[in-house]
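Can you keep this structure in mind? I'll have questions shortly.
A short reminder: the numbers here are calculations on the coordinates, not readings from a lab. This structure is a prediction, so every number in the text was calculated from the model and none was measured. We place every Cβ from the backbone using ideal geometry, glycine too, and count neighbours over all the protein chains shown.
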C-alpha cells in the first residue's frame, strides 16, 4: 500500500501518529513561513504542512507541485492551530517529513472544484477529470448505495438475481432495437434487449418464483433531452401474485430506499390514483404531488352564457394559483404567450384575479355572480389567480397540467428535498392510432386486461376495446415516472387475443414471440412485475432532475461518447468478416 | 397472493392450520382410496391428499390433472401416516378441501426430474422447462448467493460498484469485438466491451480508489467447448496498491465466498508459485493441486547413456504415478496411444514400473542402477509407474502436464468437493510470435513490467525483452484459471514504450487508446486490479467443470440461442436505416 490512511479518516485522537497518505493535490498555499497542501482522495481532504525549516528535499518537492499532482506524503498527525469545523479532518494537519511525486499532472482544462469553471462539452470530453469533482463523486456513491440497498431488500424478500442474455432475438414492437451482426451466423443479427421482459416471464414459467436484476437496457431512439441509448433498470417479476401484492412489495422497496439511503421514513401507504383521475386533476399520468393547485373541470359552469370560445369547447378547465391575484397585465400577458408556445400548445389563456377587486379577462361575458360561481367551482380563495384553458379534452388537460407545473416551479413549490411518491393505476390497455388504423399496446403486449374488463376485451367493438383498462401501474415520484409494471397475461387464449387486437397475424406473433407463447403451453403461473428506471431513481434521490451526473460515462444526445470518441468506423476486414457493406458514402455522394 | 405458504415451509408444528399453496404438479398417485399429488415450487415439494370420500368437485379436478399443471390447493395441514425423512416437509401433508387449476400444461417433452430423460438439444430448446429441474434451480440459486456475497465483501472493503458503458469504442487488440451499427452516426459502429479494462482504469484516474462491478463481457471468438460469446466477470480495480495488496484483498474475497457459500474455511494463505515453477512442476499455468504427481525434469540424468531419443531432446520430464506399477502391457500401450493423440501431441511414451520387479521400456539402454537413479530423480516410490516424455521443452512440459491431469482423473484424485486455490505469479510480459514477427502482450497492453525488469523493458534486445516478467497474477482453482490481473502501467512513458514494443505506431496507439493515454497526463495514481470469471467460479463452487448450467440462458457453440432462435435475419427497412447491406447471399451464389 502506498498509504497507511485515507485522506478522510484522521482525527484529533490520531495526533502524534506517523502516517502515510496518498492522493491528489487540491490546493497549494504559502502563508508566511508555512507551506500548505490540501491532499484529496475519494474519502476527503487532509491538510499537509511544512515550514521553511523543514527538510530541504521536502521543500524542493513542494515547490515543484502543481494542481492534481499525485503524491505520497509521510509525516506526523498534529493538532491544527486554526481548526476548520467544516471539514471532518479539520482539527488536524500532517507535519511533512517526506513527500514523493507519484505522478505529475498537466494543468486540467477546468477547475476540479464543487462548481467547475468548465463548460458542459469540455467536461464531457475530460469526463475522468469531471468525475473527480465532489458532486459527481457523491452522485456515484449514492448510486452504489441505492444498488446495495435494492439488492439487500429484494434478497430479504426471496428474490433471486438472475442474469438474462444481452445478445437476444430482435422483436420489433415499441422502440427500435440496436442490432449486432453475427459473424458465425452470417446475414443474421442479434438484438440488444430493450428490457428483459420475455426472459423474466420465462423465468416465471421456469418456476423461479421471484426474480430481480439490476440490468442494462438499450433503445435506439432519437434521443430526447435526458434520455440515454443505454440505461439501467431494476427489473423484477413475481409469481402467484395479484396487483396488490406487487404494489405492496415495491412500495416496500421504495420505502426501504428512502429510509436507508436518505433517512426519510414513510409511515403511511403511498397515495394511489387512477389514470383518469390523474388526467382530470393533474393533466398528467405522472402528477407532481409536492404541491396542490389541482385542476377543475368547469365546462358546465361556464357554458351557456354566450361566450362562444367556451361554448364551443369540448373541455374547459382551470387552476387556482395561490397568492397571485396581484399579477400585473404584463405578467398575465407573458403567461398567455407562455401557454401559446408550441411545447404547451394552448390557443389562449383566460384569467380571473381574486384580489380585493375581482378582475378577469371575461368580464364582458359573465356577471360578477357568475364569476364567483366559477371561482367556487375552482375551490379558489381570495388572493388566488385563476387560470383557464379550453379546447379538446385530452390536449387541454395536458396543457393545463403543464401550466400547473410551471406555476408550481415559479412559486418554488417543486423542492428537490421534498418527496411525494404515488401509484397511478388503471391505465387504458390499448391506444388507437388513427394513422395506421390499429390499436397499440399502451404498455406492452404482455400486459393483462383488468379481470372485470375481459368481456370488452373479447368483444369486437372498437369503443368497448378502447375502454378496457390494463392491470398496470406506474410508480411516480415528484412528477417523474420512476417505475411501471403490470400483471401479465398467463393465459394463452388471452395472449392470442391480444396479438389479434394488435393486428399481428398468427405467423407474425409466432415468429416474434413464438418461444414465449410456446412456453405458456407448459404451465405458466399467474405472474406480474415491475421495472424501475434506476438512473432517474438515483437522480431524484440526489435531488436532481437530470440523469447524466448519475451515470459514470454517459453519451451525448447524438448517442456519442465524446471522451472515447465512440462510435467510430471499423476496419474493412472486420466488415468483410461480418459480410457487411456500408451504403452510407454512396448516399452522401448522390 | 395465490398462496399463504410456499411448498417448502410447512412442518409438523403447522398441523391443523388451514393453508393455500400454489405450484406445479410433480406427481399424481392413487393408492387404494387415497389420491396423492406432489406439489412443487422453487422452495420445495408438499404432498396433497384426498380420499375418495372427499368433495366430488375436488376429486373431479384431481382426475383432470396432468404433470406440470399449475394449481392452487386449499386444505388443512395434517401429520402424515408414513413420514418421509428425506423431505423437509416429509412429516406433513395437506388434506385437500379445494383445488383450482390455474393453468393446464401440455405434456413436457422430457421429464422434470433430478436426472432428465431429455437429450441436450431438446433441453436447450425448452430451456424454461429444463430450468425447472433441481440441478439447474440449485445452480442459479448458488450463483445468486455468490453474487450477493461478492458484493457484501467488496462493499465492506469500500469498493464502489460503478456501471461502465456497453456501447463503447472498438479497440481491436486481443479477441474480436462484437460491433453495433449506429443509426444516428451512419457508417460508424460501437463495440461491445471485451472487459471494462479502460473504463476501470479511467475510474482510478477519476479518483474512485476502489471500483468493482459484476458485469457482462463479450468476445466474438470461435467458441471452444464451454466458452460463451457473452460471459460475466467480477471486475475490480484499486488505487495506491502494490501486488501484495491486491493478492491479499482478493484472496480475502475467495475465502469469504468459500466460508459463506460453501461453509469451508481456509485458515492458511493460499499457495503461490511462479509461472516458471508452474510450468516446470505441473506443465500448466493453472495447475490442479488437488493431487501431487509433480513433474520432474530428468534431462541431465538420462542423457549421455546412448539412448538417442533422450540424448537429442531439449527436455526430458517424468511423473511418478502412485500405485500403478502393476499396469499391464495393454494399459501402457493404451497410454502410449493416448499421449500420441493430437490434443496431447507427444511422439511416444517411456515408462518404468517400480513393482516387485522393475520393468521399463528402456531396459536396453540403462542399467538397473541407472534406472534407480532415474526413479530417485522422480521422487518415485515402490509401486509407482514412472511416465516419461521428451521433446522441445515448453511443448513437452504441456504434454506431460496433460498426462498428469489424465492420470489424476483416472485415479479419482480430481474430486469435485475438494478445493485447492493458488496464485500463479510472474508471468512473462510479452510473447513473441514468429509468424507476424512481433511481440504480443501476454495479458493486455496495460500490464506493467515488474519493477526490477524495467531496464530490460527499455532495452532493444529481443532476448532481454522476452525475459521481462509482468507484474501479473492469476488465481487458479482445481486446474482452472478463475481470475487474473496485474498492476497496471500508470506512467505514460512506460505505456508508450509498451505500445512501441507491440509495434503500434504513435498514431495507432493514439487512435485506439488516446483517451486513456491522455487521461494519464492528468495525474494517474498507481493502480492494479483483477477480474474473476464469474460463470466458471460459480460452476466450480457447484462442483462442476462446465459453465452452461450456471447461466440461465446460454448459447450453443455456434453462438445460437436455440430456444429464442437468435440470431435471426432483420427487416430490410432496418438494414436501410442503418445504411447496411449484407453481402452474404452474393457470396453464396458465387
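Mind listing the Cα extents of the stretch A:167-306 along all three principal axes, in Å, largest one first?
So the extents along the principal axes, rounded to whole Å, are 73, 44, 30.
Going from the alpha-carbon gyration tensor of the stretch B:439-501, what semi-axes, largest first and in whole Å, does one get by taking the root of 5 times each eigenvalue? Can you show the working numbers first?
On the way: eigenvalues 105, 33, 19 Å².
After scaling each eigenvalue by five and taking roots: 23, 13, 10 Å.
If Rh is defined by the Kirkwood formula over all Cα pairs and Rg also comes from Cα, what ratio Rg/Rh do you get for chain B?
Answer for chain B: 1.05.
Evaluated at 25 °C with a viscosity of 0.890 mPa s, what Stokes-Einstein diffusion coefficient in µm²/s does the stretch A:303-361 have when Rh comes from the Kirkwood expression over alpha-carbon pairs?
Working: Rh = 12.9 Å.
Estimated diffusion coefficient is 190 µm²/s.
Starting from one equal scatterer on each C-alpha and no solvent at all, send me the Debye-based log10 I(q)/I(0) for the stretch B:167-233 at q = 0.22, 0.27 Å⁻¹, two decimals.
Summing over Cα pairs of the stretch B:167-233 leads to -0.99, -1.16.
Determine the shape class of the stretch A:1-41: with a ≥ b ≥ c the square roots of the Cα gyration tensor eigenvalues, call it rounded for a/c under 1.5, and otherwise prolate if a/b is greater than b/c, oblate otherwise.
Here the stretch A:1-41 falls in the oblate category.
Between the stretch A:403-435 and the stretch B:354-428, what's the alpha-carbon centroid distance in Å?
74 Å
Still on this structure: Compute the Kirkwood hydrodynamic radius of the stretch B:291-410, taking the inverse of the mean of 1/r over all pairs of distinct Cα atoms, and give it in Å to one decimal.
14.0 Å
Taking the stretch B:438-590, how much of its Cα-Cα pair set, in percent, is spaced more than 27 angstrom apart?
Cα-Cα pairs of the stretch B:438-590 separated by over 27 Å account for 52 percent.
What's the minimum Cβ distance from chain B to the axis relating it to A, in whole Å, and which residue gives it?
B:581, 2
Could you tell me the relative contact order of chain A? Use alpha-carbon pairs under 8 Å, at least six residues apart, and round to a whole percent.
12 percent
Here is a follow-up. Which FRET efficiency value, to the nearest 0.05, do you get for residue B:107 and residue B:440 by plugging their Cβ-Cβ distance into 1/(1 + (r/R0)^6) with R0 = 41 Å?
Computed FRET efficiency for residue B:107 and residue B:440: 0.15.
Within a 10 angstrom radius of each residue's Cβ in A:64-70, how many Cβ atoms of other chains show up on average? Whole number is fine. The partial results should precede the final answer.
Details: counts 0, 0, 1, 2, 4, 2, 10.
Taking the mean over all residues of the peptide, I get 3.
Please report Rg over Rh for the stretch B:1-131, where both radii come from the alpha carbon positions and Rh follows the Kirkwood definition. The partial results should precede the final answer.
Numbers: Rg = 14.9 Å, Rh = 15.2 Å.
Expressed as Rg/Rh, it is 0.98.
Oh, and also: At 0.36 nm per residue, minus the direct Cα-Cα distance, what do residue B:95 and residue B:347 gain on full extension? Give it in nm, one decimal, please.
Here the answer is 83.7 nm.
Now a separate question. Please say if the stretch B:123-250 is rounded, prolate or oblate, where rounded means a/c under 1.5 for a ≥ b ≥ c the square roots of the C-alpha gyration tensor eigenvalues, and otherwise the choice is prolate for a/b larger than b/c and oblate otherwise?
oblate
For the stretch B:334-391, treating each Cα as an identical point scatterer without solvent, what Debye log10 I(q)/I(0) comes out at q = 0.20, 0.22, 0.28 1/Å?
So the normalised log intensities work out to -0.76, -0.87, -1.15.
What number, in percent, do you get for the relative contact order of the stretch B:95-199 if the mean sequence gap of Cα pairs under 8 Å and at least 6 apart is divided by its residue count?
15 percent
Another question, then. Between the stretch B:95-171 and the stretch B:216-281, what is the separation of their alpha carbon centroids in Å?
The stretch B:95-171 and the stretch B:216-281 have Cα centres spaced 24 Å from each other.
In peptide A:551-557, what is the residue-averaged number of other protein chain Cβ atoms found within 10 Å of each Cβ?
Mean number of neighbouring Cβ atoms from other chains: 5.
Here's another thing I want to ask about it. Write down the radius of gyration of the stretch B:274-333 and its Dmax, each obtained from C-alpha positions, in Å.
Over the stretch B:274-333's Cα set, Rg and Dmax evaluate to 14.1, 38 Å.
Can you give the translational diffusion coefficient of the stretch B:130-200 in µm²/s, computed by Stokes-Einstein from the Kirkwood radius over Cα pairs at 25 °C and 0.890 mPa s? Working shown, then result.
Values: Rh = 15.5 Å.
The diffusion coefficient I find is 158 µm²/s.
Another question, then. Return the calculated 222 nm mean residue ellipticity for chain B, to the nearest 500 deg cm²/dmol, obtained by summing -39500 (n - 2.57) across DSSP H runs with n ≥ 4 and dividing by the residue count.
Result for chain B, helices only: -8500 deg cm²/dmol.
Between residue B:581 and residue B:500, with labels modelled 7 Å along Cα→Cβ, what's the label distance in nm to one decimal, could you check?
Label at residue B:581, label at residue B:500, 4.5 nm between them.
Here's something else I'd like to know. Between residue B:1 and residue B:184, what is 0.36 nm times their sequence separation minus the Cα-Cα distance? Round to one decimal in nm.
That works out to 61.3 nm of additional length.
Over the Cα atoms of the protein assembly as shown, how large are the radius of gyration and the largest Cα-Cα distance (Dmax), in Å?
Computed over the Cα atoms of the protein assembly as shown, radius of gyration and Dmax are 35.2, 129 Å.
Calculate the FRET efficiency for residue B:376 and residue B:244 from the Cβ-Cβ distance with a Förster distance of 35 Å, rounded to the nearest 0.05.
0.40
Right, here's the next one. Over the stretch B:24-88, what portion of Cα pair distances is larger than 17 Å, expressed as a whole percent?
40 percent
Here's something else I'd like to know. Over 10 Å intervals from 0, what percent of Cα-Cα pairs in the stretch B:421-526 sits in each interval?
Here the calculated profile for the stretch B:421-526 is 14, 43, 32, 9, 0.
Quickly rank B:200-210, B:45-55 as a protection proxy: mean count of other C-beta atoms within 10 Å, highest first.
By packing density, highest mean first, the sequence is B:200-210, B:45-55.
Next question. How are the alpha carbon pair distances in the stretch B:470-517 distributed across 5 Å bins from zero to the largest one, expressed in percent?
5, 18, 21, 17, 13, 11, 10, 5, 1
Let me ask you something else. Treat each spin label as a single point 7 Å out from the Cα along the C-beta direction, and report the residue A:120 to residue A:330 distance in nm.
Each label point is offset 7 Å from its Cα along the Cβ direction, giving 3.0 nm.
Other chains near B:215-221: what is the mean number of their Cβ atoms within 10 Å of each residue's Cβ?
The shielding value for this peptide is 3.
Pairs of Cα atoms under 8 Å, at least six residues apart: use those to get the relative contact order of the stretch B:421-526, whole percent.
28 percent
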